[in-house]
Amino acid sequence: MGWNPDDYAENAGFVPALGDAVFGLLAAQPGERILDLGCGDGVLTGRLVAAGADVLGFDQSAAMLEAAAARGLNVMQGDGQALAFDAAFDAVFSNATLHWLPDQPAVADGVFRALKPGGRYVGECGGFMNIAALRTGIRAVLRAHGYRPEAGGGQTYLTAAAFTAIQQAAGFTDVEARIIPRPTPLPTGVRGWLKTFRAGFLDAAGVPESARAQMIDEIETLLTPVLRDGAGNWSADYVRLRWQARKPI
């Protein structure tokens, strides 16, 4: 999926803003070497740097990394499923990224290798049942028009138990993972959310530009009774998976 930093800043500013809890869980210390896995445009990466850490922002999107670099951050492009670091970091931090990476065992193995002995792995991403209504609405409209929703791939929304098992198989200990329901206001409504997070989904399903406006209209109409309140405010049915784990000494 292609990311647009301007769209992300306009329609998804809530993502880094709601990262405070996991940011606090990391408790970055001055001088620590930290990998921000899936740094995006670098909003949270900058906060880690401000805390005194030596941070490398890592992301697959060149456009988002350009925005992060414009903040003066140290960044690197790559696939989170193919990390090539060896005992280089005191901690690995990740916010709102892992659900975009289908090969979860490969991510866990790469993070484990990247950490120094005793290093910690802290993060949050979409968990089991995340955006269930939103995904159902998109799929229903696409199918009604003869498109194949599965053509757009999918995200990986794990239960806490499944996530824990993957981390333990990679070698992590002291794994603590939990599912947290978090209804999230959408300041630009479902249209803004679709523009930022599901444009790639519609592309991959083969929806031509000429039909896109109608698709978005129908998705909005279908979801209005479920995700919009009486005052016209939209919320997304977000469910988060938050974790911490440690590499043995």
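Please treat every number below as a calculation from the coordinates, not as lab data. Worth saying up front: this structure is predicted, and the values here are computed from it rather than measured. Quick reminder, even Gly has a Cβ in these numbers, built from the backbone with ideal geometry, and neighbours come from all protein chains shown.
Expressed as a rounded percentage, what relative contact order does the range 92-217 have, with Cα pairs under 8 Å and six or more residues apart?
Across the range 92-217, relative contact order equals 29 percent.
Taking neighbour Cβ counts within 10 Å as the exposure measure, how do MET76, MET129 sort from fewest upward?
Fewest-to-most ranking of MET76, MET129: MET76, MET129.
Under the Karplus relation 6.51 cos²θ - 1.76 cosθ + 1.60, θ = phi - 60°, what is the ordered set of whole-Hz ³J(HN,Hα) values for the range 60-70, x standing for Gly and Pro?
Here the 3J(HN,Hα) series is 8, 8, 5, 5, 5, 5, 4, 5, 5, 5, 5 Hz.
For TYR147, TYR121, what ranking results if the residue with the fewest other Cβ atoms within 10 Å of its Cβ goes first?
Placing the least packed residue first, the sequence is TYR147, TYR121.
Counting pairs of alpha carbon atoms under 8 Å apart in space and at least six apart in sequence, what relative contact order in percent does the chain give?
Taking the mean separation of contacting Cα pairs over the length of the chain, I get 22 percent.
Add -39500 (n - 2.57) for each DSSP H run of 4 or more in the chain, then divide by its residues: what number comes out at 222 nm, to the nearest 500 deg cm²/dmol?
-12000 deg cm²/dmol
For the chain, what is the percent of antiparallel DSSP beta bridges, rounded to the nearest 5?
50
I'd like the Karplus ³J(HN,Hα) series for the range 53-59: coefficients 6.51, -1.76, 1.60, θ = phi - 60°, whole numbers in Hz, and an x wherever there's a Gly or Pro.
7, 9, 10, 10, x, 10, 7
Between ALA236 and residues 5 or more places away or on another chain, which pairs have amide H atoms under 5 Å apart, with H built 1.01 Å from N, and which residues are they?
Counting only residues 5 or more places away or on other chains, the set is THR184, LEU186.
Can you give the angle from 0 to 90° between the axis of helix 104-114 and the longest principal axis of the chain, with both taken from C-alpha atoms, to the nearest 10?
Taking Cα atoms only, the helix is inclined about 30 degrees.
Please turn the phi angles of the range 219-228 into ³J(HN,Hα) values with the Karplus equation 6.51 cos²θ - 1.76 cosθ + 1.60 (θ = phi - 60°), one per residue in order, whole Hz, x for glycine and proline.
These are the phi-based 3J(HN,Hα) values: 5, 4, 4, 5, 8, 3, x, 9, 10, 10 Hz.
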